[in-house]
Structure formats: C-alpha cells, structure tokens
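> Below you will find the structure I want to go over with you.
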Amino acid sequence: MEVRAALTTRRSIRAFLDRPVPREAVVAILEAARWSPSWGNTQPWELAVVGGDTLKRLTAAMADRFARQVPPAPDVPMPETFPDEYRARYMACAAGLFGTMGIAREDRERRRAHLLHMTRAYGAPTVIYVLFRGDLPVPYTMFDLGAITHALCLAAHAQGLGTCIEAQLAHYPDLVREHLGLDPTHRVVVGIALGYPDPAAPANAFRTTREPLETFVRFIDG
Ligand SMILES: Cc1cc2nc3c(=O)[nH]c(=O)nc-3n(C[C@H](O)[C@H](O)[C@H](O)COP(=O)(O)O)c2cc1C
C-alpha cells in the first residue's frame, strides 16, 4: 500500500472478527514500525504484545473496575478540558460515532455498554501496549511514542489489519503492570487494539473528518 493511501484510509476500528492475528503478521508490523524517528534516535518506546488468556484476564480485571466505577488513575494524566474549538471537534467525533452506531444521546445504558466494550479492547484478539520507563523525560518521550504508535497503526492497516489507539486501556496502569509482569517503573501510555476489522459492525462505518489546511497551516515565504 502506498504511504499516501495508508495515511488517508486508516481509521480507528472498533469491532473485530473472532480471528487471531498470526505472530508473523504482528512481527512484520513491529519490524516496520521500529524505524520510526525519535529524539536523537533514543528509541524510548517499549511495547508489549498481549493476547490469549493474559489479555482475557487483564480486560476482565479492567472491566470489573470500570463496572464498579473505580476512578481511572492513568500514568499520563488525561486532558480534562479543551479550548472551545477543540472541544467542539471532540464532541462532534463522539456524536458522529454514536450516531453511526444508532445510539441516542440520552441512551446512557448503551453509551456505558460502549465504554465497557472499549475497556475490553473492542474484542480485539491482540493489544499492543505502548510503554516507557519512568526515568525518561516525558514531553519528548510522548512525541516519540506518538510517532511509533501511528507507524504501528499504518503498518497494520497496510496488511489488512485494523487498530484502535485506546487511552481507555491505560486507565488502570497498575493492573497492566500486574498482568503483564512489568517493572513498577514502567509507565503505560495507550493500548492499541489490533485485529481483523468486522466489516458488518456499524462502528466501523464511522469516518472522522479533518480540518482543511487553511485552518492550521501558514505558509511564510515572502
Ligand atoms: C492518544 C489517543 C487516545 C485515544 N483513545 C481512544 C479511546 O480510548 N477509545 C477510542 O475509541 N478511541 C480512542 N482514540 C481514537 C481517536 O478517537 C481517533 O483516532 C480520532 O477520533 C480520529 O479518528 P480516526 O482514528 O478514525 O481517524 C484515541 C486516539 C489517540 C491518538
């Protein structure tokens, strides 16, 4: 797949087929994504590819906490507010997704069920956790982790796999560390749900928009 096509046709996938992702496919994605750029080539990322019973146990534990309404305690604080124009985009994204899924604004039960499904990685057979060591400088490490996260999604898409980057999968990082046997100093940023997209799922028909160039680019060449 051409880079331009991969960039413009990738989208978040929120329903997956009950079909495992072969190890070779995951390795091919990782082999491509490891060429991502980073500050001084420090490559500050660590990745954990999780599947099988471990993923089942982890998502069950996270879903249990979600159901008990335990407040999230992410390692990387979630944004609580956005300036108005960004908040409007965020709201439009949520409204568009729920609209495509046929979930009404006031239908709290189905909205909550959607969040629970999100907590279960949307049923993906594999999750790639994006991690870093707590003694790394956070702001530029985030930049580098963002680069490899996008590369992983593009590489997966190029081989017919779907992904959804999920902050939701990092809401309870202590559970991630416990179930994955990580060091206490590991920080959890996001989990990337990975699997074969379910073509029949309404959620997967949702397509976000993007702002036109003139809203965020300035050319200065005089
Ligand atoms: C850091 C980050 C965290 C995200 N967390 C979630 C999440 O928890 N649940 C979810 O459904 N989508 C999540 N997304 C996906 C975004 O909603 C999605 O990328 C955005 O709406 C653009 O849509 P697209 O990926 O289909 O182009 C996240 C994306 C990023 C970059």
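> What single numbered condition from (1) without any contact (Cβ under 8 Å) to a residue 24 or more places away in the chain; (2) over 18 Å from the mean Cα position of the chain (by Cα) fails to hold for R177?
Looking at each condition in turn, R177 falls short on (2).
> Please go through the range 11-28 and pick out each residue that is within 16 Å of the ligand (Cβ to nearest atom) and either surrounded by fewer than 18 Cβ atoms within 10 Å (Cβ to Cβ) or more than 12 Å from A193 (Cα to Cα) (or both).
Hit for the range 11-28 is R11, nothing else.
> Hey, any hits in the range 183-202 for a residue that's of a type in the set (S, T, Y), in a loop (DSSP other than H, G, I, E, B) and over 30 Å from T9 (Cβ atoms)?
yes
> Another question about this same structure. Only one of T59, T42, T8 is within 30 Å of R111 (Cβ to Cβ) and open to solvent by 40 Å² or more (accessible area, probe 1.4 Å). Can you tell me which?
Result of the check over T59, T42, T8: T8.
> Also, I was wondering about something else. Taking only the range 111-137 into account, find how many residues are at positive phi and within 12 Å of the ligand (Cβ to nearest atom).
Selection size over the range 111-137: 2.
> Of the conditions (1) over 24 Å from L55 (Cβ atoms); (2) surrounded by 14 or more Cβ atoms within 10 Å (Cβ to Cβ); (3) touching a residue at least 60 places away in the same chain (Cβ under 8 Å), F98 satisfies every one except a single condition; which number is it?
Only one criterion in (1) over 24 Å from L55 (Cβ atoms); (2) surrounded by 14 or more Cβ atoms within 10 Å (Cβ to Cβ); (3) touching a residue at least 60 places away in the same chain (Cβ under 8 Å) is unmet by F98, namely (3).
> Among residues belonging to the range 138-195 that are acidic (D, E) and either within 15 Å of the ligand (Cβ to nearest atom) or open to solvent by less than 40 Å² (accessible area, probe 1.4 Å) (or both), point out the one that is nearest to L116 (Cα to Cα).
Once the filter is applied, the top-ranked residue is E166.
The values are calculated or read from the model by the stated rules, or taken from the named source; none is laboratory data. Because the structure is a prediction, the values reported are computed rather than measured. A quick note on method: Cβ atoms are made from the backbone with ideal geometry, for glycine too, and the neighbour counts reach across all protein chains shown. Accessible surface areas use protein heavy atoms only, side chains included; no ligands, DNA or RNA. Shrake-Rupley method; radii C 1.70, N 1.55, O 1.52, S 1.80 Å.
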